[in-house]
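Colleague: Quick one: this structure, given as structure tokens, is what I'll be asking you about.
The values are calculated or read from the model by the stated rules, or taken from the named source; none is laboratory data. Note that the structure is a prediction, hence the values are computed from the model and not measured. Here the Cβ positions follow ideal geometry from the backbone for every residue, glycine too, while neighbour counts run over all protein chains shown.
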Amino acid sequence: MTSTDGSTYEGFTAEERAAAKEHAEGQKKAARRGSRADKAAEAEQDVLTKIAEMEDSDRAMAEVVHAVVTANAPALAPKLWYGMPAYALDGKVVCFFQSAAKFKSRYATLGFNDPAKLDEGTMWATAFALTEVTAEAEARIAALVKQAVS
């Protein structure tokens, strides 16, 4: 298929296909889990395991993001979403961390989905690039996740 600009659509990248496959596997795994408490504990362990598997700089940022989100928005439940750490409220993903290595990007991403209450007039940011998590960035993340669940 050729687009209007003359380029050819090549379909999903290998990284995108892998993320979709991880999402499907995660959904199946979640459906097999037992009690609600077991599901929550296993989901958090899945997130911690995925963080531990990340490359050094991504792992360091993901660890801080995880700590900040869980400390500042305890209503959010950790879970994997397309193979990346995410935090959900009533089963709906509010925010997520995407490592730079996941899609061979130059920066990691902290993103927010529709349930996040970040509304600011008629236009607001829903994703933020992260190259490192400084004290300033950590404070901004804390403020964002608090606002997201307010």
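Colleague: Condition check: farther than 16 Å from Ala43 by Cα, without any contact (Cβ under 8 Å) to a residue 24 or more places away in the chain and of a type in the set (D, E, K, R). Does Asp119 satisfy that?
Modeller: Details: farther than 16 Å from Ala43 by Cα: yes; without any contact (Cβ under 8 Å) to a residue 24 or more places away in the chain: yes; of a type in the set (D, E, K, R): yes.
The answer is yes for Asp119.
Colleague: Does at least one position in segment 3-20 carry a residue that is over 25 Å from Ala101 (Cβ atoms), modelled with pLDDT of 70 or more, surrounded by 13 or more Cβ atoms within 10 Å (Cβ to Cβ) and among the aliphatic types (A, V, I, L, M)?
Modeller: no
Colleague: Separate question: If Val93 meets every condition in (1) more than 20 Å from Glu15 (Cα to Cα); (2) touching a residue at least 40 places away in the same chain (Cβ under 8 Å) apart from one, which number is that one?
Modeller: Result: Val93 passes all but (2).
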